[in-house]
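A short worksheet on the structure shown next.
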């Protein structure tokens, strides 16, 4: 006679064996789910999306470096701006607007420093590179290990602490760059370091700036065609601004382009073709200054560089002229507060445009510029989009430097627009600063409507996501004295909140229609970078420390997490070695806006920190100093149904244990197990794993013919949670429950049936389960047949375990004999009240058991695991019982 | 006669009533060299001069009006290198490792002491009689 079992391989295997409960299995849909899940268990790659503008950049003929290819790999983040176009956009979409709410911290890393963390981490070859604020240590974190431990860290040698005395705006560093197996970054005391990306060995260092002149470096380098481009800081110290190109292999200077002085120093030659008349002429870098003042004129390069491989042009801005007091330097003060387009091989200038000629307000022109192709007045134009310090979003033709539009994105009192004919900023003369004068309501103030914190662009929404401030200031002009190595400013400043009272904003800007689409007000200036993703999620951080995810289309807040300190760093996203998408950001307040906390300044002096303290007196109530890298992981596998994510969430929150308990289970077999882990065997597996300090890893396979052979025996897993106690295909633990076949009948019928010997079983309609078409092949069927009940017996396929219970509820049959756990599960769900009674006798004659012990099974020979599981069952018997109670499993 | 004597006596007393160097000079610096106590302690003129020097030598570029910025605050209670006149003097004259420049030998000694006295006033150590009661300039206004 055929006896059925739950885990059911070939029927023939069972002919001589002992008994078992019926298997329940599904086909088709379930298999599909199993395959989808199995593939998700492997490193699942998001399909690469292609975006037209990136493709054009990738296929540019003149490019030889592989960075143009590498920048396209969304699994990595190889330069701070993500790519040469500076979109800070990733096509990864595992994290999306629907599941981002389940984001959890995967791990954190303390940098050991507590000054402002402005850097963007890099991820190259499963290693994350972080540069700290001065002393500018470089950490390499191994993403293949749990918790991403540091595999090495490099500290620059012989650091000069005096550099701290010439850092205007905290000891920050905006990140490193990668090329040719090396990591490049700058130090505050003026060196560019090249470090072997694999080993952390120093390859070369180059002293680029001189701190005795107040000249330092804070910017992130950009590597273009094997040249490391580095610019200086120190516009508040009378430093002469310049961009230097160093050979990536040797560190030797290839060229240096100054931003003030004669044309020869500024690398202006016959190929220089500025668009506007005011930028045309000889040696304007001298002539637009009083004699010799260009030598201490500023125009530093401490911000962002972009590169167009097709046009072979680098674009970068120049900072404020020195001193701040404009009356000491009449003239347009070229080439400060402007943007250069240069050839990267030679540094020669191709065009220049000046955002703010004869700047009065410290409106450094160094922000990021995003290279896009946009429809302007019906034509596709290659442009650069620059949310500029002076409060306008500029769209420039990046081939010529022509201003196509300049639209305010903030409250402006000091200018009235940009004259598109001349390109010139139209000043409001009433707000001109000078000696002995106090000018009030200067908007935007010295840090601008937007400072260095970079925006991001999403090609899916077509929007630029702009982190910025809403501030104004009062300023008093003073006589500035130049003493090398000391500040050369000449102004007292006090900043305060702009109209509305909120000091920060995070906006979505439509660069084609030149308008704000949505806006999030923030208490403090938004000093972090923005990150846009193809999942339509945009990330940024607040100075209180909130790391936020908002819907790219609407700005709706979808998720946020409070980190240990204010966020002024740049978030990035990448694909981990496990195939999951991660998002990372540095947390650690500081920078110019956060100096009151990082420098422990005194709020009673509003002019402190160049006037920022007046606007940030309450920052200390919201954040303390810190320095951590925080990494959040995705909602893991993309499977059917959103509630699986709830469990991924839980699994994600704990640091992943290194031991794995590999379990084979049916993906669609409630109440025992399903792929959403809603069955009681799933719960028991989780409990066991926790006891073993392991995490569960499932191999899904329907429990039917070939189950053990295809899973346990094939080595895909090590444990099956529920098998008959003496199942010969596995090595079993002690049983952890005993259940029975039960009679199921409608309560309102009060049938009172408990025994197989009940004569009414010969006349009532009775339901039994069966496999295949032969309904004589289950114990109840047999028992009934032995008693002469055949014609009144109806068979229900095991494929549909609920059907038989339904049949009782509907009245199709008077009673059914069903395996206990299933009966209880489906009866509970039925609206009609059903009675469940264990079948008696427990063992029918001649030897037909209706009760079965259930154990856990491991591979034959795996005694060690079996013994471990035995001990777990012993220790946690009470909890296992409770799980079974929760599911109503009848036990006898 | 008595009146003339009285007048002379008065003048004599008046002449010795104050000893103040209105025109500081190299001799003044020489006199101060090696001083451990603040020779200008409580001296309103020195505080006032110190305040001028504080701006002209760009001290305010880093310390602002006591709140700090590039350099630490001078108006609060934390003194990285000490708040006694001798310690402040040495910080200014010798410089300090974390970015304070060394002014000794570059500006006159008496000016360093004037700066010391002003810095002490900013820190609240000087008596109310000597310290200016009202700050001037934009920072004092709302």
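The values are calculated or read from the model by the stated rules, or taken from the named source; none is laboratory data. This one's a predicted model, so the numbers in the text were calculated from it and none came from an experiment. As a convention, Cβ positions derive from the backbone with ideal geometry for all residues, glycine included, and neighbour counts pool all protein chains shown.
From the list A:411, A:394, the lone residue that is part of a strand (DSSP E or B) and under 36 Å from the mean Cα position of the chain (by Cα) is A:394.
Within segment A:179-188, track down each residue that is crowded, with 24+ Cβ neighbours inside 10 Å and either away from every other protein chain (no Cβ under 14 Å) or more than 24 Å from residue A:453 (Cβ to Cβ) (or both). A:179, A:183, A:184, A:185, A:186, A:187, listed by residue number.
Considering the conditions (1) at pLDDT below 95; (2) within 14 Å of chain A (Cβ to nearest Cβ); (3) assigned to a helix (DSSP H, G or I), residue B:9 is excluded by exactly one of them, (2). Residues in segment B:97-120 that are within 14 Å of chain A (Cβ to nearest Cβ) and assigned to a strand (DSSP E or B) were compared, and the one that is nearest to the chain's Cα centre (by Cα) is B:107.
Residue-by-condition table, conditions (1) within 25 Å of residue A:324 (Cα to Cα); (2) within 14 Å of chain B (Cβ to nearest Cβ):
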{"site": "A:576", "(1), (2)": "no, no"}
{"site": "A:584", "(1), (2)": "no, no"}
{"site": "A:599", "(1), (2)": "yes, yes"}
{"site": "A:611", "(1), (2)": "yes, yes"}
{"site": "A:619", "(1), (2)": "no, yes"}
{"site": "A:628", "(1), (2)": "no, no"}
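Within segment A:784-812, restricting attention to residues that are crowded, with 22+ Cβ neighbours inside 10 Å and touching a helix residue (DSSP H, G or I) at 6+ places or on another chain (Cβ under 7 Å), which residue is nearest to residue A:836 (Cα to Cα)? Step by step, filter segment A:784-812, then rank; the result is A:805. Which one is nearest to residue A:613 (Cα to Cα) among residues in segment A:477-529 that are free of Cβ contacts under 8 Å to residues at least 40 places away in the same chain and facing chain B (nearest Cβ under 10 Å)? Out of the qualifying residues, it is A:481.
Taken together, the criteria exclude residue A:535 from residues that are under 30 Å from residue B:65 (Cα atoms) and away from chain B (no Cβ under 14 Å). Checked against the criterion of being assigned to a loop (DSSP other than H, G, I, E, B), touching a strand residue (DSSP E or B) at 6+ places or on another chain (Cβ under 6 Å) and in contact (Cβ under 8 Å) with a residue 60 or more places away in the chain, the candidates A:866, A:860 yield just one match: A:860.
Residue-wise test of (1) part of a loop (DSSP other than H, G, I, E, B); (2) within 7 Å of chain A (Cβ to nearest Cβ); (3) within 23 Å of residue A:615 (Cβ to Cβ).
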residue	(1), (2), (3)
B:46	no, no, no
B:65	yes, yes, yes
B:75	yes, yes, yes
B:79	yes, no, no
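Consider residue A:220 carefully, then state whether it is within 26 Å of the chain's Cα centre (by Cα), outside any helix (DSSP H, G or I) and closer than 22 Å to residue A:342 by Cβ. It is true that residue A:220 is within 26 Å of the chain's Cα centre (by Cα), outside any helix (DSSP H, G or I) and closer than 22 Å to residue A:342 by Cβ. State the number of residues belonging to segment A:113-136 that are under 23 Å from residue A:590 (Cα atoms), surrounded by fewer than 21 Cβ atoms within 10 Å (Cβ to Cβ) and in contact with a strand residue (DSSP E or B) (Cβ under 9 Å, 6 or more places away or on another chain). The total comes to 0.
Looking at segment A:843-854, is at least one residue surrounded by 18 or more Cβ atoms within 10 Å (Cβ to Cβ), within 52 Å of the chain's Cα centre (by Cα) and farther than 30 Å from residue A:686 by Cβ? So far as segment A:843-854 goes, no, none of its residues is surrounded by 18 or more Cβ atoms within 10 Å (Cβ to Cβ), within 52 Å of the chain's Cα centre (by Cα) and farther than 30 Å from residue A:686 by Cβ. Every condition in (1) more than 16 Å from residue B:114 (Cβ to Cβ); (2) facing chain A (nearest Cβ under 8 Å); (3) modelled with pLDDT of 95 or more holds for residue B:94 except the one numbered (2). Of all residues in segment A:223-247, which are outside any strand (DSSP E or B) and within 14 Å of residue A:67 (Cβ to Cβ)? Scanning segment A:223-247 gives A:225, A:226.
Do you know which of the residues in segment A:670-688 that are touching a helix residue (DSSP H, G or I) at 6+ places or on another chain (Cβ under 6 Å) and within 17 Å of residue A:704 (Cα to Cα) is modelled with the lowest pLDDT? For segment A:670-688, the residue satisfying everything is A:675.
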